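See below for the structure under consideration.
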Amino acid sequence: MNRRPTLLAALTLTAAAALTLSACGSDDSSKSKDNDKIAGADAGGASTASPTESAPQAAGRPKIKLPSDLTMSFEGGKTGDAVTDAVLADNAERMRAVNAAITGTDPKAEALNFYNTGRALEAAAVWVDKFKKANLGITGTIRYYDRTVTLDGSKAASVVFCADESRGYAKDLKTNKSKVTTPSDEDFILYNTRLEKNSDGVWQTTRIVSTAGAKQCLK
């Protein structure tokens, strides 16, 4: 499985609204032509694969489950700084939450609403709805890497990271078959996200911007 679907080739969507695979809904326009993107991830250190279920969460946090045919791997996540690690953890859970909503393992989108707010939540909801209307899911492997956190005071942060979507693709839920195209540089996405810490201590994503084919992600 080494091809990423350009969902436009698989769906009856408008030519100006081609979809790519990553799961987060960009709320800005700095993405490649004919691509709507969406994102999520971790930072520094070794790569770890995300299991089908998230690790036990603190009280009040939703447990996220992914289908067995979808793997999301996040490089790093343990920097030694408690605040930075918390930002990275919630950023990764945000990305997993969007895919859980798309694949149907979180039909009520509880995690999606828990880890998103503002423009990011609006964009994610639109993204999930596009998949549902097209009767598509997601399968394969998506890798997140080069994750960098910049803190802005004690309650805000930005996370910039790359995603390799070359082995992840959309799946037709009627036929259970993957939608694939020839891999290209467009499979490597740069994400720029803003997170804010809410009153419950959760780092919610408030904004997300993505750029397909970013040179710094081509590795």
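Could you tell me whether D90 is under 24 Å from G168 (Cα atoms), open to solvent by less than 40 Å² (accessible area, probe 1.4 Å) and of a type in the set (D, E)? Spell out how you get there, then give the answer.
Working: under 24 Å from G168 (Cα atoms): yes; open to solvent by less than 40 Å² (accessible area, probe 1.4 Å): yes; of a type in the set (D, E): yes.
For D90, the condition - under 24 Å from G168 (Cα atoms), open to solvent by less than 40 Å² (accessible area, probe 1.4 Å) and of a type in the set (D, E) - is met.
Quick one: in the range 158-172, which of the residues that are open to solvent by 10 Å² or more (accessible area, probe 1.4 Å) and hydroxyl-bearing (S, T, Y) is farthest from A86 (Cα to Cα)?
Narrowing the range 158-172 to residues open to solvent by 10 Å² or more (accessible area, probe 1.4 Å): 158, 160, 164, 166-167, 171-172.
Now narrow it down to the ones that are hydroxyl-bearing (S, T, Y): 158, 166.
Values: S158: 12, S166: 28 Å.
Looking at residues that are open to solvent by 10 Å² or more (accessible area, probe 1.4 Å) and hydroxyl-bearing (S, T, Y), I get S166.
Considering every residue within the range 128-135, establish whether at least one is β-branched (V, I, T), touching a residue at least 24 places away in the same chain (Cβ under 8 Å) and in contact with a strand residue (DSSP E or B) (Cβ under 9 Å, 6 or more places away or on another chain). Spell out how you get there, then give the answer.
To start, the set of residues in the range 128-135 that are β-branched (V, I, T) comprises 128.
Those left that are additionally touching a residue at least 24 places away in the same chain (Cβ under 8 Å): 128.
If we keep only those that are in contact with a strand residue (DSSP E or B) (Cβ under 9 Å, 6 or more places away or on another chain) too, we end up with none.
For the range 128-135, residues β-branched (V, I, T), touching a residue at least 24 places away in the same chain (Cβ under 8 Å) and in contact with a strand residue (DSSP E or B) (Cβ under 9 Å, 6 or more places away or on another chain): absent.
Provide a single number: the residues in the range 56-87 that are within 13 Å of the chain's Cα centre (by Cα) and assigned to a helix (DSSP H, G or I). Lay out the reasoning, then the answer.
To start, the set of residues in the range 56-87 that are within 13 Å of the chain's Cα centre (by Cα) comprises 66, 70-74.
Still in the running and assigned to a helix (DSSP H, G or I): none.
So the count comes out to 0.
Within the range 116-146, work out how many residues are under 19 Å from K215 (Cβ atoms) and open to solvent by less than 10 Å² (accessible area, probe 1.4 Å). Working first, answer last.
Looking only at the range 116-146, we keep the residues that are under 19 Å from K215 (Cβ atoms), and these are 143-146.
Narrowing the set further to residues that are open to solvent by less than 10 Å² (accessible area, probe 1.4 Å) leaves 144-145.
Within the range 116-146, residues that are under 19 Å from K215 (Cβ atoms) and open to solvent by less than 10 Å² (accessible area, probe 1.4 Å) number 2.
For G153, all conditions in the list (1) without any contact (Cβ under 8 Å) to a residue 12 or more places away in the chain; (2) part of a loop (DSSP other than H, G, I, E, B); (3) touching a Ser or Thr at 6+ places or on another chain (Cβ under 6 Å) hold save one; what is the number of the exception?
(3)
Given (1) surrounded by fewer than 18 Cβ atoms within 10 Å (Cβ to Cβ); (2) under 23 Å from D200 (Cα atoms); (3) acidic (D, E), identify the lone condition not met by D106.
All conditions pass for D106, except number (1).
Give all pairs with beta carbons closer than 8 Å in which a residue from the range 160-181 that is free of Cβ contacts under 8 Å to residues at least 40 places away in the same chain and over 24 Å from D90 (Cα atoms) meets a residue that is assigned to a loop (DSSP other than H, G, I, E, B) and of a type in the set (S, T, N, Q); count only pairs at least 6 apart in sequence or on separate chains.
From the range 160-181, the pairs are L173/N135; K174/N135.
The values are calculated or read from the model by the stated rules, or taken from the named source; none is laboratory data. Note that the coordinates shown come from a computational prediction; the quantities given were computed from them, not determined experimentally. We place every Cβ from the backbone using ideal geometry, glycine too, and count neighbours over all the protein chains shown. Just so you know, the surface numbers come from the protein's heavy atoms only, side chains and all, with ligands and any DNA or RNA stripped out. Shrake-Rupley method; radii C 1.70, N 1.55, O 1.52, S 1.80 Å.
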